[in-house]
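A.B. asks: This is the structure I want to talk about, given as structure tokens.
The values are calculated or read from the model by the stated rules, or taken from the named source; none is laboratory data. Please read these numbers as outputs of a predicted model, since none were measured by experiment. Cβ placement follows ideal geometry from the backbone for every residue including glycine, while neighbour counts extend to all protein chains displayed. Only protein heavy atoms, including side chains, enter the accessible area calculation; ligands, DNA and RNA are left aside. Shrake-Rupley method; radii C 1.70, N 1.55, O 1.52, S 1.80 Å.
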Amino acid sequence: MFSLQIHFVQEGELGTINLQGLCQPVFSQLEEDSLSITTEIQVTMSHLSPSQVTEQTLSIIKPDAVEQNQIGNIIEYFEKEGLSIVAAKMVKLSHKQAADFYAVHKERPFFQELIDFMTSGPVLVMALEGVDAINLNRRIMGPTDPSKAPAGTIRGDFATSIEKNAIHGSDGPNTAKQEIKFFFKDTEIYHRTSSPL
């Protein structure tokens, strides 16, 4: 058994076709309807649990950890747990870039402080890849509040406050895709697993 989800665009509107089980080809129907199929076709095998699926997620080593020269130490946490770096770049975010990236928080009282902090120095942006990468990355990071983060997590070992908490990580599959595309082109990502996404 399998499930197949096809994303397509018709007259400027995004649509989705979901198929389950053994289904007849639908591509002739798509062509007759003059649909433009996007390059993203997601296939999920039903016998695989989320913990067995290879994913990508975004990680940002924040200005405080970069300033402390902890880049190498933090990367070691990811690699020891089986996550691979498939893209990386050091950048100095402009206020516009930071505001666009954190737009989801623009109505929160800490928004301006967050933008000021994220533009205060260079950051290292990485796309990580591995099995259950999103959840694994968040476990490696630890809670946002370093006082509640266990020793052995990145924030437990390197963060100094809720504001200066060393690391950013995507919080879900949709966010991960959006955040990776914010910083990286497809041609800048180099898969390092046996089954590329």
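A.B. asks: With all protein chains present, how much of the accessible area of the stretch 147-197 (probe radius 1.4 Å) comes from carbon and sulfur, to the nearest whole percent?
C.D. replies: 51 percent
A.B. asks: Check cross-link reach from residue 181 to the lysines: straight Cα distance under 23 Å, and skip same-chain residues fewer than eight apart.
C.D. replies: Those lysines meeting the cut-off are 62, 89, 92, 96, 106.
A.B. asks: Kindly provide the trypsin sites (Lys or Arg not before Pro) of the stretch 85-168 that DSSP labels as loop, not H, G, I, E or B, and whose Cβ sees at most 12 other Cβ atoms within 10 Å.
C.D. replies: 92, 106
A.B. asks: If you filter the stretch 140-197 for chymotrypsin sites (Phe, Trp or Tyr not before Pro), then keep DSSP loop positions with at most 14 other Cβ within 10 Å, what is left?
C.D. replies: Sparse-neighbourhood loop chymotrypsin sites (Phe, Trp or Tyr not before Pro): 190.
A.B. asks: Sticking with this structure for a sec: First select every other residue whose beta carbon is under 14 angstrom from the beta carbon of residue 102; then total the charges, Lys and Arg +1, Asp and Glu -1.
C.D. replies: -3
A.B. asks: May I pose another question? Excluding residue 154 itself, what net charge comes from residues whose Cβ is under 12 Å from its Cβ, given Lys and Arg +1 and Asp and Glu -1?
C.D. replies: Combined, the nearby Lys, Arg, Asp and Glu give +1.
A.B. asks: Now for a different question. For a label point 7 angstrom out from the Cα of residue 188 toward its Cβ, which stretches of the stretch 54-94 have the backbone nitrogen within less than 16 Å?
C.D. replies: Residues passing the 16 Å test: 57-61, 85-94.
A.B. asks: Follow-up question, since we're still on this one. 7 Å from Cα along Cα→Cβ at both residue 147 and residue 178: what's the point-to-point distance in nm?
C.D. replies: Result: 3.1 nm between the two label points.
A.B. asks: If a/c stays under 1.5 just call it rounded; otherwise compare a/b with b/c (prolate if a/b is bigger, oblate if not). Do that for the stretch 82-197, with a ≥ b ≥ c from the square roots of the Cα gyration tensor eigenvalues.
C.D. replies: Note, shape of the stretch 82-197 comes out oblate.
A.B. asks: Are there GluC sites (Glu not before Pro) in the stretch 68-109 that DSSP puts in a loop and that have at most 12 other Cβ atoms within 10 Å, and which ones?
C.D. replies: Those that pass, being in a loop and sparsely packed, are 107.
A.B. asks: R0 = 30 Å: FRET efficiency of residue 171 with residue 94, Cβ-based, nearest 0.05?
C.D. replies: Between residue 171 and residue 94 the formula returns 0.80.
A.B. asks: Percent antiparallel among DSSP beta bridges with both residues in the stretch 77-197, to the nearest 5?
C.D. replies: The antiparallel fraction comes to roughly 90 percent.
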